[in-house]
1. Just wondering, is there one or more residues in region 161-170 that are among the polar types (S, T, N, Q), at pLDDT below 95 and either not in a loop (DSSP other than H, G, I, E, B) or not assigned by TED's automatic domain parsing to the domain that holds Ile360 (or both)?
2. Would you be able to say whether some residue in region 253-276 is in contact with an Asp or Glu (Cβ under 7 Å, 6 or more places away or on another chain) and part of a loop (DSSP other than H, G, I, E, B)?
3. So Gln60 clears everything in (1) under 24 Å from Gly273 (Cβ atoms); (2) away from the ligand (no atom under 16 Å from the Cβ); (3) surrounded by fewer than 17 Cβ atoms within 10 Å (Cβ to Cβ) except one condition, right? Which one?
4. Count, please, the residues in region 65-102 that happen to be surrounded by fewer than 16 Cβ atoms within 10 Å (Cβ to Cβ) and either within 16 Å of the ligand (Cβ to nearest atom) or of a type in the set (Asp, Glu) (or both).
5. Filter region 265-301 down to the residues that are more than 24 Å from Cys236 (Cα to Cα) and more than 16 Å from the ligand (Cβ to nearest atom) and list them by number.
6. Evaluate the following for Thr306: is it away from the ligand (no atom under 16 Å from the Cβ), more than 23 Å from Arg359 (Cα to Cα) and polar (S, T, N, Q)?
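The values are calculated or read from the model by the stated rules, or taken from the named source; none is laboratory data. Every value quoted in this text rests on a predicted model; they were computed, and no experiment measured them. Here the Cβ positions follow ideal geometry from the backbone for every residue, glycine too, while neighbour counts run over all protein chains shown.
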Amino acid sequence: MSENVKEISREKSAALYAKAQTYFPGGVNSPVRAFKSVYGVPLFIKKGDGAYLWDADDNQFIDFCGSWGPLILGHNHPAVREKVIEVMQNGMSFGAPTALENELAELILSNNPFIEKIRFVSSGTEAVMSAIRLARGYTKRDKILKFEGCYHGHSDSLLVKAGSGLVTFGETSSAGVPKSFADETIVIALNDKEALVKAFEDFKDQIAAVIIEPVPANNGLLLQHKEFLQYLREICTANGTLLIFDEVISGFRVSFTGAAGYYQIKPDILTYGKIIGGGLPVGAYGASAQIMSNVSPEGPVYQAGTLSGNPVAMAAGIAQISELLKPGFYEDLSVKTEAFINDITAFVNERNYPVNLTRIGSIFWFAFDAKETIRKAEDIDPQSMSKFKQMHFELLNRGVYFGPSGYEVGFVSAAHTTAILDKAKQAIFDSLEVIFG
Ligand code: PLP
């Protein structure tokens with residue numbers, strides 16, 4: 001850290017963390033929050049507004065984590081907040097249908113050519129778990145194929161070589177997943193056409209679904225070539241296998257219609273989460289009316305939820321999605337993120353710092369000790385994470401908050417003005433100079 005920059009105080013966060021450790025395993029309710037791979041105790045957050053966060057010690061940060069993606073409008077957006085407050089006046093859950101579910105579904109379906117019917121659930125994990133069950137029920141096959149480094153939530157058959165949360169802790173899979181479940185999951189590397197062809201030969205007529213994050217963003221940002229995604233589409237069709245795009249991060253983020261729209265590739269089932277809820281717990285899966293007709297109570301694939309389509313969460317979704325549909329929303333976000341990342345790229349290139357930045361839309365990632373774009377999990381050098389750890393510390397001390405793992409991506413929101421991004425950029429330059437200068 002340079003001499004005129006002071007280390008932030010974490011006194012109150014430390015006290016809260018000590019107490020939290022008596023309540024929760026590891027002191028947190030989700031593992032990556034524990035700051036295990038960065039310096040210091042986790043910051044306990046008190047407030048968010050626009051592009052900013054404040055912690056319990058009143059440190060202020062420009063936030064690039066955005067609650068891990070949902071806050072595309074920034075924190076506490078007035079339209080979302082007001083709609084939530086309005087709807088809450090009428091009660092918070094009925095376990096019965098409401099007009100709000102129709103309204104949100106209409107906003108999504110009438111602007112998305114890739115799905116005809118949707119089912120709302122309460123998290124991304126639930127969405128993906130349900131999509132897998134639907135694919136298995138529909139094809140009457142058991143095996144699924146996933147890609148190393150892609151995270152699809154924490155349901156049993158998907159916690160195999162599954163990205164940031166696990167790699168941060170040096171594990172490839174979770175304890176407690178029965179071997180027989182994991183045996184139904186075939187895992188291959190991203191961007192590897194040969195391995196894909198071989199898997200389809202080895203498991204002929206057994207693969208119910210191939211699932212991929214079309215924008216893999218949970219183990220770095222491992223952007224795939226469009227040709228590879230297109231090939232996936234073709235090999236699935238040829239083998240009677242359903243293609244699932246897990247768009248829990250990329251959905252409503254890289255474009256309104258997510259990566260499917262960005263790449264113009266139509267998967268069979270799509271899963272969404274995060275952004276639909278505007279910060280409240282929502283997930284969804286969707287497909288053609290024909291495939292969705294297999295879901296209970298119309299069809300034999302059971303899936304349910306007490307809080308599915310919860311009115312308060314639907315209200316947040318309606319407000320947020322309406323903002324995203326305004327003309328120019330994605331162009332503005334992409335243009336300012338591009339300028340921000342281009343300037344940082346120019347800075348590191350001029351100085352020959354070993355940093356490679358990747359970006360798609362408003363998602364970005366800093367790869368350290370990398371010379372070119374990384375497209376596979378195995379090509380990330382775990383040693384390079386020590387550089388991220390240093391950068392994270394330097395950035396916090398300069399008022400910039402990144403998610404606490406070098407395997408996580410950053411998000412720019414509509415609330416990040418050019419002036420705010422310029423401030424963050426300077427903090428990034430100064431931090432990189434401390435590390436490499
Ligand atoms: N799928 C992807 C691509 C994700 O990024 C995530 C979470 O980050 C999930 C599924 C699981 O979503 P949730 O954490 O809402 O259960």
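1. There is at least one residue in region 161-170 that is among the polar types (S, T, N, Q), at pLDDT below 95 and either not in a loop (DSSP other than H, G, I, E, B) or not assigned by TED's automatic domain parsing to the domain that holds Ile360 (or both).
2. Within region 253-276, none of the residues are in contact with an Asp or Glu (Cβ under 7 Å, 6 or more places away or on another chain) and part of a loop (DSSP other than H, G, I, E, B).
3. The one condition Gln60 does not meet is (1).
4. 2
5. Across region 265-301, the qualifying residues are Ser296, Pro297, Glu298.
6. Considered against the rule, which asks whether it is away from the ligand (no atom under 16 Å from the Cβ), more than 23 Å from Arg359 (Cα to Cα) and polar (S, T, N, Q), Thr306 comes out as yes.
Conditions (1) within 14 Å of the ligand (Cβ to nearest atom); (2) without any contact (Cβ under 8 Å) to a residue 60 or more places away in the chain; (3) farther than 20 Å from Val409 by Cα; (4) not hydrophobic (A, V, I, L, M, F, W, C), marked per residue:
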position: Ser173; (1), (2), (3), (4): no, yes, yes, yes
position: Lys193; (1), (2), (3), (4): no, yes, yes, yes
position: Val210; (1), (2), (3), (4): no, no, yes, no
position: Ala217; (1), (2), (3), (4): yes, no, no, no
position: Leu243; (1), (2), (3), (4): no, yes, yes, no
